[in-house]
Amino acid sequence: MKPLTAILAGIGSTLQLLVSAAGYTPTLWRQRARFIEQCYLIGYTTLPIVAILSFFIGGVLALQAGYSMSNFGAKQFIGSLVGLSMARELGPVMAAILLAGRVGSAIAAELASMKVYQEIDALETMNIPPAKVLVLPRLAAVLVMMPVLAIIADLVGWFGGAIVSKYTESIAIEPEAYFSVLRRFMVFEDVLNGLIKAEVFGFAIVLVCCNIGLNTRGGPREIGAAVTRAVVVSLILILVLDYFVTKALMHLQS
Amino acid sequence: MTCNPTRNPFTHTETAAVGVSIEGLSKSFGRFEVLKNVTFSVAPGEIFVLMGPSGSGKSVLLKHIVGLEQPSAGRVTVAGRDASSEATRAQVRMALVFQSGALFNSLSVYDNLALYPREHQIADEAAIREKVMRALQILSLEGSAHKAPSELSGGMKKRVAIARGLVMEPQLMLYDEPTSELDPVMAATISEIIATLKDEYHVTSIVVSHDRELALGIADRVGILMGGELISLGTPADLRTPADPRVAEFLYPKIDLKNPRFKKLET
């Protein structure tokens, strides 16, 4: 298959899977055990790594900004720079990248393995649609957990920035001053922007990884190939969507 | 194609038995033609055994019957309905016992069996438990209910897959190599289960197998598939003295130590 045809086929099958899964939404309450299990896997197990990474991203932001801003006497504004960067961009993007690496790869591996070992075929012969029992609970769970991950990424990132700002000699800004500037220059829309982005990224990652897993063909070797493809496509998708969602949100706000 | 009633092994309620019709079925994967103009039908309540060498297209044919593959040409109908339609799967209870078992690795043996009735809300949890335990008992698997599939041997996985099929209370049961990897006693038990499902419950069965004893012992009719073509269709009695030398060679191969087959292949 030519690359363009393959991309179009991939988009088509992903949208088809989305429509199919959405059609089973009324069954979600009956599937609450699966939904809760997925919330645990997507949210709880990803939380520690999101927190660690966000702390250091906030810290590095403060360090770099402090170094540059000290040169022209603007280091007191570090709080607003770290706050806005984390809330509008880095919080949701980093949470999405970690989701792609940790959860997306696991979803693709699990579903690809189920496909290769005929578990998906068995579900279909039992008239149990994979879109209903495997895709819908994951999509619902990511919609609930992704904003939580993004908010925690923001908070921990801000905290990381504050710690670095206080204990770096060349910056030496007290947390009170740091958070005061952060509060003064940030509005609710900044955080909301980030949450909308996080929802879009998370939903797209899980949908794409489910689709790649379910469309795996061949033997066990293809499971590894599916995981690689899922992570690469997810990372590209995050950055492409980031541009378009940012543009759309800016357009809406203006 | 309908039908004598199928009496359910668990509830003893009656539903219509179903037949299968395959007309001019051809299937190609790329340039490779796996099935070539295959035509036969299976009557409601019949046991049809499909035999043939490895790679002759038997499993692909089974997948067409349950709608997992689309024909390149021809038509497959189950109970008069197009087999590839999702509506057919919703209306006709079909169970396919995969050669590998295809058990859900993330679920215990018990949950593997309970999945179908739970998803389709066929019964309450107590009734599901009764059905599951009965199916496990029939297959001598009572002690494995809470094991994970990864803890089972190949033969046990196959028995669990058959038990999962039984819990579905099928009108049509398809088996892909049900007796491979089983010891002779368990293989005989599986043959007896297939025969009992026909005699007592009128379940239509299509069995893909290399097992000559099973085919000649329980089949109503046997088809031989070679190179994607159905080269023989008849009763077990017909196969005891096959007219076609290819069928005779396949069913009753002679071990010739003086002139071994692999030496023939070398030349």
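The values are calculated or read from the model by the stated rules, or taken from the named source; none is laboratory data. None of the values given here were measured: they were computed from a predicted structure. We place every Cβ from the backbone using ideal geometry, glycine too, and count neighbours over all the protein chains shown.
Which one is nearest to B:L214 (Cα to Cα) among residues in the range B:43-82 that are more than 14 Å from chain A (Cβ to nearest Cβ) and of a type in the set (K, R)?
Applying the filter and picking the extreme gives B:K58.
The conditions are (1) loosely packed, with under 15 Cβ neighbours inside 10 Å; (2) over 23 Å from A:K132 (Cα atoms), and B:H120 fails exactly one of them. Which is it?
Tallying (1) loosely packed, with under 15 Cβ neighbours inside 10 Å; (2) over 23 Å from A:K132 (Cα atoms), B:H120 fails exactly one: (2).
Do we find that A:E37 is buried (at least 20 other Cβ atoms within 10 Å of the Cβ), over 21 Å from A:L241 (Cα atoms) and charged (D, E, K, R) in this structure?
Here the answer is no, as A:E37 does not meet what is asked.
Any idea which of A:A204, A:A177 is over 30 Å from B:L68 (Cα atoms) and touching a residue at least 12 places away in the same chain (Cβ under 8 Å)?
A:A177
Here's a check for you: in the range B:114-123, which residue that is in a helix (DSSP H, G or I) and at the interface with chain A (Cβ under 8 Å from one of its Cβ atoms) is nearest to the chain's Cα centre (by Cα)?
Once the filter is applied, the top-ranked residue is B:Y116.
Looking at the range A:224-254 only, could you name the residues that are more than 25 Å from A:I107 (Cβ to Cβ) and among the polar types (S, T, N, Q)?
Selection gives A:T246, A:Q253, A:S254.
Under 7 Å between Cβ atoms, at least 6 apart or on separate chains: pull out the pairs that start in the range A:138-157 with a residue that is under 24 Å from A:L111 (Cβ atoms) and end on any residue that is assigned to a helix (DSSP H, G or I) and among the charged types (D, E, K, R).
A:L143/A:E199; A:M146/A:E199
Taking A:I236, is it aliphatic (A, V, I, L, M), in contact (Cβ under 8 Å) with a residue 60 or more places away in the chain, surrounded by fewer than 17 Cβ atoms within 10 Å (Cβ to Cβ) and at negative phi?
Spelling it out, it is not the case that A:I236 is aliphatic (A, V, I, L, M), in contact (Cβ under 8 Å) with a residue 60 or more places away in the chain, surrounded by fewer than 17 Cβ atoms within 10 Å (Cβ to Cβ) and at negative phi.
Can you confirm whether the range A:110-119 contains a residue that is within 11 Å of another protein chain (Cβ to nearest Cβ), over 19 Å from A:L235 (Cβ atoms), β-branched (V, I, T) and part of a helix (DSSP H, G or I)?
Checked the range A:110-119: at least one residue is within 11 Å of another protein chain (Cβ to nearest Cβ), over 19 Å from A:L235 (Cβ atoms), β-branched (V, I, T) and part of a helix (DSSP H, G or I).
Taking into account only those residues within the range A:89-109 that are in contact with a Gly (Cβ under 7 Å, 6 or more places away or on another chain) and within 17 Å of A:P147 (Cβ to Cβ), which is nearest to the other protein chains (Cβ to nearest Cβ)?
A:L99
With the requirement that a residue be within 12 Å of another protein chain (Cβ to nearest Cβ) and either outside any loop (DSSP other than H, G, I, E, B) or in contact with a Gly (Cβ under 6 Å, 6 or more places away or on another chain) (or both), what does the range B:90-113 give you?
B:A90, B:Q91, B:M94, B:A95, B:L96, B:V97, B:D111, B:N112, B:L113
Does A:V191 count as modelled with pLDDT under 95 and surrounded by fewer than 16 Cβ atoms within 10 Å (Cβ to Cβ)?
Criteria not met by A:V191.
List every residue pair whose Cβ atoms lie under 6 Å apart, where the two residues are 6 or more positions apart in sequence or sit on different chains, the first residue falls within the range B:30-58 and is under 18 Å from B:Q70 (Cβ atoms), and the second residue, located anywhere, is among the charged types (D, E, K, R) and part of a strand (DSSP E or B).
B:V34/B:K27; B:L35/B:K27; B:K36/B:E229; B:T39/B:E23
Quick check on the range B:64-91: of everything there that is touching a residue at least 40 places away in the same chain (Cβ under 8 Å) and loosely packed, with under 15 Cβ neighbours inside 10 Å, which residue is nearest to the chain's Cα centre (by Cα)?
B:G80
From the residues in the range B:157-202 that are touching a residue at least 60 places away in the same chain (Cβ under 8 Å), among the charged types (D, E, K, R) and at negative phi, which one is nearest to the other protein chains (Cβ to nearest Cβ)?
Checked the range B:157-202; the qualifying residue nearest to the other protein chains (Cβ to nearest Cβ) is B:R164.
B:A87: closer than 17 Å to A:N127 by Cα, assigned to a strand (DSSP E or B) and either of a type outside the set (A, V, I, L, M) or modelled with pLDDT under 95 (or both), yes or no?
Judged against the criteria, B:A87 is not a match.
Among the residues that make up the range A:131-140, is at least one of them out of contact with any strand residue (DSSP E or B) (no Cβ under 7 Å at 6 or more places or on another chain), hydrophobic (A, V, I, L, M, F, W, C) and within 8 Å of another protein chain (Cβ to nearest Cβ)?
Among the residues of the range A:131-140, at least one is out of contact with any strand residue (DSSP E or B) (no Cβ under 7 Å at 6 or more places or on another chain), hydrophobic (A, V, I, L, M, F, W, C) and within 8 Å of another protein chain (Cβ to nearest Cβ), which makes the answer yes.
From A:G79, A:G66, A:G91, A:G10, which residue is at pLDDT below 95, part of a helix (DSSP H, G or I) and more than 30 Å from A:S180 (Cβ to Cβ)?
Unique residue meeting the criteria: A:G10.
Can you list the helices (runs of 4 or more DSSP H) lying wholly within the range B:151-260 that have 2 or more residues being at pLDDT 85 or above and farther than 30 Å from B:K131 by Cα?
It comes to B:212-218, B:236-240, B:245-251.
Per-residue answers, yes or no, for (1) closer than 19 Å to A:I223 by Cα; (2) surrounded by fewer than 21 Cβ atoms within 10 Å (Cβ to Cβ); (3) in contact with a helix residue (DSSP H, G or I) (Cβ under 7 Å, 6 or more places away or on another chain):
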{"site": "A:A122", "(1), (2), (3)": "yes, no, no"}
{"site": "A:L139", "(1), (2), (3)": "no, no, yes"}
{"site": "A:V144", "(1), (2), (3)": "no, yes, yes"}
{"site": "A:G161", "(1), (2), (3)": "no, no, yes"}
